[in-house]
1. Checking Arg109 against (1) crowded, with 16+ Cβ neighbours inside 10 Å; (2) more than 17 Å from Val227 (Cα to Cα); (3) not hydrophobic (A, V, I, L, M, F, W, C), only one condition comes out false. Which one?
2. Tell me the residue from Thr42, Thr81, Thr96, Thr35 that is in contact with an Asp or Glu (Cβ under 9 Å, 6 or more places away or on another chain), open to solvent by 30 Å² or more (accessible area, probe 1.4 Å) and over 30 Å from Val227 (Cα atoms), please.
3. Tell me which residues, restricted to the range 1-18, are open to solvent by less than 10 Å² (accessible area, probe 1.4 Å) and either at pLDDT below 95 or part of a loop (DSSP other than H, G, I, E, B) (or both).
4. Given the structure, is Arg47 free of Cβ contacts under 8 Å to residues at least 60 places away in the same chain, open to solvent by 20 Å² or more (accessible area, probe 1.4 Å) and within 23 Å of Ser180 (Cβ to Cβ)?
5. Would you be able to say whether some residue in the range 58-78 is over 25 Å from Glu146 (Cβ atoms) and touching a Phe, Trp or Tyr at 6+ places or on another chain (Cβ under 6 Å)?
6. Which condition number in (1) open to solvent by 40 Å² or more (accessible area, probe 1.4 Å); (2) assigned to a loop (DSSP other than H, G, I, E, B) is the one that Ala221 fails?
7. Determine if the range 130-137 includes at least one residue that is farther than 30 Å from Leu228 by Cα and either of a type in the set (Ser, Thr, Tyr) or not assigned by the TED database to the domain that holds Ser219 (or both).
8. Go through Leu226, Leu209 for me and flag whichever is under 26 Å from Glu26 (Cβ atoms), out of contact with any helix residue (DSSP H, G or I) (no Cβ under 7 Å at 6 or more places or on another chain) and not in a loop (DSSP other than H, G, I, E, B).
Amino acid sequence: MSDIVPIKLVCLDLAGTTVGDIAMVERAFAEAIATQGIVPGTGAYARAMVHVHRSRGCPTIDVFRGIFPGNEAQAQAANLTFERSYEGALERAGLTPMPGVMEVLDKLRGNGIKLALITGFSRVTLSRVLSALEWDDKLDLAISPEDAGGRGRPWPDMVLHAVLRTGVADVRHVAVIGDSENDMLCGVRAGASIVAGLLTGVHSRERLLKGGATHLLDSIADFPSLVLSDDRGTTQVASSAR
């Protein structure tokens with residue numbers, strides 16, 4: 001008999017994992033930074049965008065606090081611009097699910113697994129994203145940092161909030177998937193059995209492994225086979241990271 005712990009809850013990242021909006025997010029960050037006097041072509045702008053890339057997966061307000069340390073007003077102003085820019089782009093272009101995502105969600109739910117979407121976006125922005133996606137019948141929860149007491153990734157709070165909300169009895173019954181190092185750190189710190197790094201997103205294989213990924217996937221379409229497998233160490237659809 002297999003000693004594999006069954007997965008009962010999956011926590012999925014949003015930007016870059018389930019929806020293909022990486023360029024849209026990057027542009028919104030760039031516009032927000034520029035409104036605060038850090039313009040393209042300068043060293044300060046280059047450093048700020050490096051910080052943005054390194055901090056992907058974290059709450060957007062925390063990203064701006066890192067860029068404007070000690071200046072909460074400036075961080076809040078930049079964050080407001082980010083939200084307006086991103087939501088404007090959302091209204092103009094909409095959102096496109098990553099290839100295979102709808103089938104992934106249907107297969108996991110069809111096997112009795114609860115699904116929680118977690119993000120670094122604010123609750124207001126997340127609500128607009130959900131309205132654009134029309135995934136109400138696909139998800140059990142959609143969680144922003146505000147919903148989990150204010151701490152987003154790399155802290156484990158959003159995953160643990162999903163555990164409490166869904167009534168899952170053991171964190172080992174949880175799987176997390178994302179495309180950033182901070183997604184991996186969040187899953188590891190929450191105690192999830194599977195912390196899957198997606199290689200089609202913002203961070204490299206090395207960064208995902210540094211964050212503690214248990215598996216690396218070439219496509220989110222491979223994720224259900226990993227979650228439902230009785231032999232996760234040798235599954236053919238995932239590259240073992242340990």
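The values are calculated or read from the model by the stated rules, or taken from the named source; none is laboratory data. Because the structure is predicted, anything quoted here is derived from the model rather than measured. Using ideal geometry, Cβ is built from the backbone for each residue, glycine included, and neighbour counts are taken over all protein chains shown. The area values use the complete protein model at the heavy-atom level, side chains included, leaving out ligands, DNA and RNA. Shrake-Rupley method; radii C 1.70, N 1.55, O 1.52, S 1.80 Å.
1. Unmet for Arg109, out of (1) crowded, with 16+ Cβ neighbours inside 10 Å; (2) more than 17 Å from Val227 (Cα to Cα); (3) not hydrophobic (A, V, I, L, M, F, W, C): (2).
2. Details: Thr42 fails: in contact with an Asp or Glu (Cβ under 9 Å, 6 or more places away or on another chain); Thr96 fails: over 30 Å from Val227 (Cα atoms); Thr35 fails: in contact with an Asp or Glu (Cβ under 9 Å, 6 or more places away or on another chain).
Thr81 is the lone residue from the list that is in contact with an Asp or Glu (Cβ under 9 Å, 6 or more places away or on another chain), open to solvent by 30 Å² or more (accessible area, probe 1.4 Å) and over 30 Å from Val227 (Cα atoms).
3. Leu14, Gly16, Thr17, Thr18
4. Here the answer is yes, as Arg47 does meet what is asked.
5. The answer is no, given that none of the residues of the range 58-78 is over 25 Å from Glu146 (Cβ atoms) and touching a Phe, Trp or Tyr at 6+ places or on another chain (Cβ under 6 Å).
6. It is condition (2) that Ala221 fails.
7. From the range 130-137, those farther than 30 Å from Leu228 by Cα are none; that's our starting set.
Within the range 130-137, not a single residue is farther than 30 Å from Leu228 by Cα and either of a type in the set (Ser, Thr, Tyr) or not assigned by the TED database to the domain that holds Ser219 (or both).
8. Among Leu226, Leu209, only Leu209 is under 26 Å from Glu26 (Cβ atoms), out of contact with any helix residue (DSSP H, G or I) (no Cβ under 7 Å at 6 or more places or on another chain) and not in a loop (DSSP other than H, G, I, E, B).
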